[in-house]
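Okay, so here's the structure we're looking at.
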Amino acid sequence: MPVIRFVREGRDVECYPGENLREVALREGLELYGLKGQLGNCGGCGQCITCFVDVVAEASPGALTPRTPVEDRKLRRRPEGWRLACQALVQRSLVVLTRPQAGLSDREARLAAARVEPLPAGPTAWPAMEEPAEAESAGATEPVGMESTATAGEAPEEGPVGG
């Protein structure tokens, strides 16, 4: 699974490829919002621009989906590495600094430390689901009261004893 390294929080979090960055952070209890965002945010629609994150580009090339047209409009005066967490889908492992607009006294030291340990590549797809045919051949039995699937000339399979 891809890993998101949250620099400010000092945490690595696993997620599935294609998961929304904002939803992963909120699920893990990480604070994306400053005071303005805490008081009122759009709930992930990309309209309030309060869920800024700074993607550490050299540590995370191509880790998120490309910027959306909403981000292009809303972030036109912000640094290129900034994204709206609500608009970004995780593709591969990445390093993120939440609330980059807020000061962080040891920012460069924390970023350097985050770059030292390599990120796992992780899978680039969701886990494969077991096919229904495989589940049946693995010992699943026909529920009581179901009609037999035997064709003419075949003896019906023995099912569970009903009562």
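Given R0 = 25 Å, the distance between the Cβ atoms of MET1 and GLU80 translates into a calculated FRET efficiency of 0.40.
Counting 0.36 nm for each residue step from SER105 to GLU31 and taking away their Cα separation leaves a gain of 24.9 nm. In plain terms, the bigger the Kirkwood radius, the slower the diffusion; for the stretch 3-106, with that radius from Cα pairs, at 25 °C and 0.890 mPa s, Stokes-Einstein puts D at 181 µm²/s.
Read-outs: derived from the displayed coordinates by stated rules, not from any lab. What you see is a predicted model, and the numbers here were worked out from it, not measured in a lab. Cβ atoms come from the backbone with ideal geometry, glycine included; neighbour counts cover every protein chain shown.
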